[in-house]
1. For R62, indicate whether it is among the basic types (K, R), without any contact (Cβ under 8 Å) to a residue 60 or more places away in the chain and either buried (at least 22 other Cβ atoms within 10 Å of the Cβ) or under 25 Å from P22 (Cβ atoms) (or both).
2. I'm trying to understand the selection: among the residues of the range 149-168, which are surrounded by 13 or more Cβ atoms within 10 Å (Cβ to Cβ) and assigned to a loop (DSSP other than H, G, I, E, B)?
3. Which residues, taken from the range 100-117, are crowded, with 20+ Cβ neighbours inside 10 Å and either at pLDDT below 95 or in contact with a Lys or Arg (Cβ under 9 Å, 6 or more places away or on another chain) (or both)?
4. For residues that are in contact with a His (Cβ under 9 Å, 6 or more places away or on another chain) and among the aliphatic types (A, V, I, L, M), scanning just the range 62-100, find the one that is nearest to R40 (Cα to Cα).
5. When you scan the range 35-71, how many residues do you find that are among the polar types (S, T, N, Q) and modelled with pLDDT under 95?
6. Only one of (1) in a strand (DSSP E or B); (2) in contact with a Leu (Cβ under 8 Å, 6 or more places away or on another chain); (3) more than 23 Å from G15 (Cα to Cα); (4) free of Cβ contacts under 8 Å to residues at least 60 places away in the same chain is not met by L109, so which one is it?
7. Of the residues E171, E144, which single one is in a loop (DSSP other than H, G, I, E, B) and free of Cβ contacts under 8 Å to residues at least 40 places away in the same chain?
8. Which numbered condition trips up D123, out of (1) without any contact (Cβ under 8 Å) to a residue 24 or more places away in the chain; (2) touching a strand residue (DSSP E or B) at 6+ places or on another chain (Cβ under 6 Å)?
Amino acid sequence: MHLIDTAHARAEANGFGQSCEPEVGRLLAVLAAALPSGARVLEIGTGAGVGTAWIADGLRPRTDVTVVSIESDPATAALAATGDWPAFVHLRVADALEYLAAESGGFDLIFADAFGGKIEGLDRTLAKLNPRGTLVVDDMTPVEGWPEDFRAKQDGVRRALLTDPRLVATELACGSGVIIGVRRHPAD
């Protein structure tokens, strides 16, 4: 829990209020713990590193899984980089859509928690999800005060994930609302 507590304290001390909620974090830790040896994890939207910490905590004491976390804002990425991350965690400052386009490999677990890769470019994120890989998308429960255009975009993400024939997906009343999906294997 050291990584998680430290990440929460870092977010709070720096006024970063968009961190992964504990319920979603626990889900990420459980999913990370089930990953096979050699698996690859992608987090889109590092923020202060709270979600990253949950994923890393779920993997400990293992070191056989690679975690890549992307943050587009350099100042926020620098905040997350102050963490004492295990060697298997790689923080990147990058535009998510550019990263997804340039990355040649796939991922076994993807946590899409940023505009790029979720609201915009969801298709690129899905293309990087390995067969039988798991996708977690949070912030899916509408919030009072969301602008109408943002609400419509979130609804589009919801429909896309729940109806995509490549996924077996469901919506969970977990934290800010989660859609979790597993990519079908081509032979399934």
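1. Considered against the rule, which asks whether it is among the basic types (K, R), without any contact (Cβ under 8 Å) to a residue 60 or more places away in the chain and either buried (at least 22 other Cβ atoms within 10 Å of the Cβ) or under 25 Å from P22 (Cβ atoms) (or both), R62 comes out as yes.
2. Matches in the range 149-168: D164, R166.
3. Filtering the range 100-117 for residues crowded, with 20+ Cβ neighbours inside 10 Å gives 100, 107-114, 116-117.
Within the range 100-117, L100, F107, D108, L109, I110, A112, D113, A114, G116, G117 qualify.
4. V67
5. Result for the range 35-71: 2.
6. (4) is the only condition that L109 fails.
7. Selected residue: E144, the only one of E171, E144 that is in a loop (DSSP other than H, G, I, E, B) and free of Cβ contacts under 8 Å to residues at least 40 places away in the same chain.
8. If we test D123 against (1) without any contact (Cβ under 8 Å) to a residue 24 or more places away in the chain; (2) touching a strand residue (DSSP E or B) at 6+ places or on another chain (Cβ under 6 Å), just (2) comes out false.
The values are calculated or read from the model by the stated rules, or taken from the named source; none is laboratory data. All of these numbers come straight from a predicted model, not from anything done at the bench. Neighbour counts run over all protein chains shown; Cβ positions are idealised from the backbone, glycine included.
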